[in-house]
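Novice: I have a structure here, written as structure tokens, and I will follow up with some questions on it.
The values are calculated or read from the model by the stated rules, or taken from the named source; none is laboratory data. Predicted model, so just to flag it, every value in this text is computed and none were measured. With ideal geometry, Cβ positions are generated from the backbone for all residues, glycine too; neighbour counts draw on all protein chains shown. Side chains included, ligands, DNA and RNA excluded: accessible areas come from the protein's heavy atoms. Shrake-Rupley method; radii C 1.70, N 1.55, O 1.52, S 1.80 Å.
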Amino acid sequence: MKAIAYEQPGLPINDPRALFDTDLPEPQPGARDLRVQVKAIAVNPVDTKVRANGETNGPRVLGWDVAGVVESVGPEVTLFKPGDEVFYAGSIIRPGCYSELHLVDERIVGRKPTSLNFADSAALPLTAITAWELLFDRLGVTEQGGEGETLLIVGAAGGVGSILTQLARQLTRMTVVGTASRGETQAWVAQQGAHHVIDHHQPLAPQLKALGIEQVTHVASLTHTDSHYAQLVEVLAPQGKLGLIDDPASLDAMPLKRKAISLHWELMFTRSMFETPDMIKQHELLNRVADLLDSGVLRTTVGQHFGTINAENLRRAHALLESGASRGKTVLEGF
């Protein structure tokens, strides 16, 4: 099968060996695996992080956002059958989806939204799972709850921020404030449903006060948490909640004590990595997201389509992510 891989971590993305086209053996499904014919994929910051730091003894395939068709199933599969259209993010400890065929445990797979094509569907699984778990599981917000509360989303124009903004606006009663630093991305965040948009390159507290918001009850810090940390503690209300998904070099929890602010980490790969007893919740929430997309409550977060799935186009996609200037999700489609 065709695949795109890397063998040497840390190469600059303009190096042809940073990602290269190759042929690999077709994978064979395990007991609860689906073998999926990959139709479209999306790229995520995790792809660039693993490429930069992930050691490998041979060609390693990245990629954790898929929309495709089930080609065959393992002997214990009960949720899907060959021919089903699916979307999912997969597991960080298994080969990724930059390949024509891909294996995935059925418990972390959802039905593809019928109203969306493969490319628009591929934009959503990893970020939708991350945003859903962050908002409802980690920060403890309840659906249709949050009246009188304010959620500040730092980095709201990215993939996770785009769908988190929609989820918070559509499924809760919170006031949603997103941050973005350029006119283009600020407009994008407003389109996703944020009540207000502020600039994270400027001091946060004065901008919030200008909106009549003295303090926020919840923060979802999606990027550069270490740069904004002191300001986030400042604007959080006593007994507020701080959730984050990025990788600060270090994080001192002591500044949170005075206000009794709680700290919540989200990693959407935790359930699949440890095969937790509630691993099937990702199947359930992806099906719920598909229903919300098909009913028009949510919409795809595709920012740009980079064409065919090949090494050249994936290097372009990684370069865009590494520039920090991406908006929404970047998708690729077909081999």
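Novice: How far apart, in nm, are the 7 Å Cα→Cβ label points at Asp246 and Ile93?
Specialist: For Asp246 paired with Ile93, the spin-label model returns 2.8 nm.
Novice: Could I ask something else about it? For the range 143-266, what are Rg and Dmax over the alpha carbons, in angstrom?
Specialist: 13.3, 38
Novice: Moving on to the next point. Among bridges DSSP assigns within the range 143-266, what percent are antiparallel (round to 5)?
Specialist: Within the range 143-266, antiparallel bridges account for around 0 percent of the total.
Novice: Pop out the carbon and sulfur fraction of the accessible area of the chain as a percent, whole number, probe 1.4 Å.
Specialist: Its accessible area is 49 percent carbon and sulfur atoms.
Novice: Ok, one more. Quick one: helix 281-294 against the long Cα principal axis of the chain, what's the angle to the nearest 10°, folded into 0 to 90?
Specialist: For helix 281-294, the angle is close to 80 degrees.
Novice: In percent, what relative contact order does the range 143-266 have, based on Cα pairs under 8 Å that are 6 or more apart in sequence?
Specialist: 22 percent
Novice: Still on this model: Contour minus end-to-end for Glu7 and Gln28, with contour as 0.36 nm per residue of separation and end-to-end as the Cα-Cα distance?
Specialist: Computed gain between Glu7 and Gln28 is 5.3 nm.
Novice: Next question, about the same structure. For the chain, calculate the relative contact order in percent as a whole number, restricting contacts to Cα pairs under 8 Å that are 6 or more residues apart.
Specialist: 20 percent
Novice: For a quick check of your reading of the filter: which trypsin sites (Lys or Arg not before Pro) in the range 243-300 sit in a DSSP loop and have no more than 13 other Cβ atoms within 10 Å?
Specialist: Taking the range 243-300 and a limit of 13 other Cβ atoms within 10 Å, the loop trypsin sites (Lys or Arg not before Pro) found are Lys257, Arg258.
Novice: For Phe306, what accessible surface area do you get with a 1.4 Å probe? Give it in Å², rounded to 10.
Specialist: Approximately 40 Å² of Phe306 is accessible to the 1.4 Å probe.
Novice: Now for a different question. Mean-square fluctuation check for the chain, GNM, Cα pairs under 10 Å: which of Ala31, Ala249, Ala156 is largest?
Specialist: Checking each option, the largest mean-square fluctuation is seen for Ala249.
Novice: What whole number of Å gives the distance from the Cα centroid of the range 108-171 to the Cα centroid of the range 174-237?
Specialist: First find each Cα centre; the distance between them is then 17 Å.
Novice: Another question, if that's okay. Rounded to two decimals, what ratio of Rg to Rh does the range 225-335 give with C-alpha atoms and a Kirkwood Rh?
Specialist: Answer for the range 225-335: 1.05.
Novice: Would you mind telling me which residue in Asp246, Asp23, Asp120 has the biggest mean-square fluctuation in a Gaussian network model of the chain, where springs connect alpha carbons within a distance under 10 angstrom?
Specialist: Highest fluctuation of the listed residues: Asp23.
Novice: Right, another one. Tally the DSSP beta bridges in the chain and give the antiparallel ones as a percent, rounded to 5.
Specialist: 55 percent
Novice: Return the sequence-ordered ³J(HN,Hα) values of the range 200-212 in whole Hz as given by the Karplus equation 6.51 cos²θ - 1.76 cosθ + 1.60 applied to θ = phi - 60°, using x for Gly and Pro.
Specialist: Coupling constants for the range 200-212: 6, 7, 10, x, 6, 4, x, 5, 5, 5, 5, 8, x Hz.
Novice: Loop only by DSSP, 10 or fewer other Cβ within 10 Å of the Cβ. Give me the GluC sites (Glu not before Pro) in the range 139-181 that pass, ordered by residue number.
Specialist: Here the GluC sites (Glu not before Pro) that fit, given the DSSP loop and packing criteria, are Glu147.
Novice: For a test of understanding, tell me how many lysine pairs in the chain have Cα atoms under 13 Å apart, given they are 8 or more places apart or on different chains.
Specialist: 4
Novice: How much area per residue is accessible in the chain when the probe is 1.4 Å and only protein heavy atoms are counted (Å²)?
Specialist: Heavy-atom SASA per residue in the chain reads 41 Å².
Novice: Once the piece of chain linking Arg182 and Thr276 is laid out straight, how much longer is it, given 0.36 nm per residue of separation minus the C-alpha distance between them?
Specialist: 29.8 nm
Novice: For n ≥ 4 DSSP H runs only, could you compute -39500 (n - 2.57) per run for the chain, divide by its residues and tell me the 222 nm figure to the nearest 500?
Specialist: -8000 deg cm²/dmol
Novice: Between helix 311-323 and the chain, what is the angle of the helix's C-alpha long axis to the longest principal axis, kept within 0 to 90° and rounded to the nearest 10?
Specialist: Roughly 10 degrees between the two axes.
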